[in-house]
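Worksheet: one structure, shown below.
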Amino acid sequence: MRKKIVAGNWKMNLDYNEGLALFSEIINMVNDEITGTQQAVICSPFIHIHSLVQLAKGYHKVAVGAQNAHQAESGAYTGEISAKMIKSTGAAYVILGHSERRQYFGETNALLAQKTDTVLKHDLTPIFCIGETLQEREAETHFDVIKTQLVEGIFHLSAEDFGKLVIAYEPVWAIGTGVTATSAQAQEIHDFIRKEIAAKYNQAVADATTILYGGSCNPKNAAELFAQADIDGGLIGGASLKSRDFLDIVKTFN
Ligand code: 13P
């Protein structure tokens, strides 16, 4: 059975106290309401991470992650945060290659391949994001775009290392727009991703890979999306900033 994961991406929202207050609500609700084996993850800004890990002690159904990491081990990179630093807080996950990092910070597939190596080296789980823009979908190049992101970003990994990562399919046109991919559109791409993994590695590796959907996922559409054969959970932006909405999405797997 593949691991079911619902991860919240807070992006650049919530000051320190607001973040701790929201996270406290989330862990209490997870404790009270989650009856399944799904994993809830909160990927917060760096400033919250250490405190969230402390709050989450003893709550095994909730893990904490970062939203980025630098590719280098350490050094003169003013303002950056290394994978080793993230690991030292007790965080478990790192989002890599989010479309906002690709779009606003120029992150390329080649750079993301390096970041993936560094994050895995420090025993953190990458949540590796891929997805096409509206323009690419309209030009019907979305399958090619996704294949290139896989090949250049993560297909250099050994099968063993590949087995340690989580993939998130986030169509850029669905992020923060309120326009969700239909469950059929999302399933079509998840199926494609899994087949590409099987072709590159083998069916067992493909079957074991958790592939999340992200993009305007909310408590109303989560059940239908997560019921698709190849959708193993979600990467949630806006709805992860409200404890009730986030919990209702996590509860889809109860
Ligand atoms: P929204 O859920 O706000 O569309 O954001 C999705 C996302 O980018 C998660 O990483």
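The values are calculated or read from the model by the stated rules, or taken from the named source; none is laboratory data. Computed from a predicted model, the values in this text were never measured in an experiment. Glycine also receives a Cβ, built like all others from the backbone with ideal geometry; neighbour counts cover every protein chain displayed.
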Residue pairs within 8 Å by beta carbon, gap of at least six or interchain, first lying in the range 119-142 and touching a residue at least 12 places away in the same chain (Cβ under 8 Å) and farther than 21 Å from residue 8 by Cα, second surrounded by fewer than 23 Cβ atoms within 10 Å (Cβ to Cβ) and charged (D, E, K, R), listed first then second, are 122/84; 122/87; 142/136
Picked from the range 211-221 (must be more than 23 Å from residue 96 (Cβ to Cβ) and not basic (Lys, Arg)), the residue nearest to the ligand (Cβ to nearest atom) is 218
Is it the case that the range 60-69 has a residue that's within 16 Å of the ligand (Cβ to nearest atom), among the aliphatic types (A, V, I, L, M), loosely packed, with under 14 Cβ neighbours inside 10 Å and in contact (Cβ under 8 Å) with a residue 12 or more places away in the chain?
no
Reported set for the range 193-210 where residues are touching a strand residue (DSSP E or B) at 6+ places or on another chain (Cβ under 9 Å) and free of Cβ contacts under 8 Å to residues at least 60 places away in the same chain is 194, 197
Within the range 83-117, the residues that are farther than 22 Å from residue 56 by Cα, out of contact with any Cys (no Cβ under 9 Å at 6 or more places or on another chain), of a type in the set (Ser, Thr, Tyr) and not in a loop (DSSP other than H, G, I, E, B) are 104, 116
With criteria (1) at pLDDT 95 or above; (2) under 21 Å from residue 122 (Cα atoms), residue 29 comes up short on (2)
query: Is it the case that residue 176 is within 16 Å of the ligand (Cβ to nearest atom), in contact (Cβ under 8 Å) with a residue 60 or more places away in the chain and surrounded by fewer than 16 Cβ atoms within 10 Å (Cβ to Cβ)?
result: yes
All conditions in (1) away from the ligand (no atom under 11 Å from the Cβ); (2) of a type outside the set (D, E, K, R); (3) within 26 Å of residue 145 (Cα to Cα); (4) outside any helix (DSSP H, G or I) are true of residue 234 except (1)
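In this structure, does residue 167 turn out to be crowded, with 21+ Cβ neighbours inside 10 Å, more than 16 Å from the ligand (Cβ to nearest atom) and closer than 19 Å to residue 127 by Cα?
For residue 167, the condition - crowded, with 21+ Cβ neighbours inside 10 Å, more than 16 Å from the ligand (Cβ to nearest atom) and closer than 19 Å to residue 127 by Cα - is not met.
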Exception for residue 198 within (1) over 23 Å from residue 65 (Cα atoms); (2) not in a helix (DSSP H, G or I) falls at (2)
Per the filter on the range 211-231, residues in contact with a strand residue (DSSP E or B) (Cβ under 9 Å, 6 or more places away or on another chain) and either in a helix (DSSP H, G or I) or not polar (S, T, N, Q) (or both) are 211, 212, 213, 214, 215, 217, 222, 225, 226, 230, 231
Hey, residue 108 more than 21 Å from residue 240 (Cβ to Cβ) and at pLDDT 95 or above or not:
yes
If we keep only residues of the range 96-132 that are within 14 Å of the ligand (Cβ to nearest atom) and of a type in the set (Val, Ile, Thr), then the residue farthest from residue 145 (Cα to Cα) is 127
Residues of the range 27-44 being touching a helix residue (DSSP H, G or I) at 6+ places or on another chain (Cβ under 7 Å) and within 16 Å of the ligand (Cβ to nearest atom), in sequence order, are 40, 42, 44
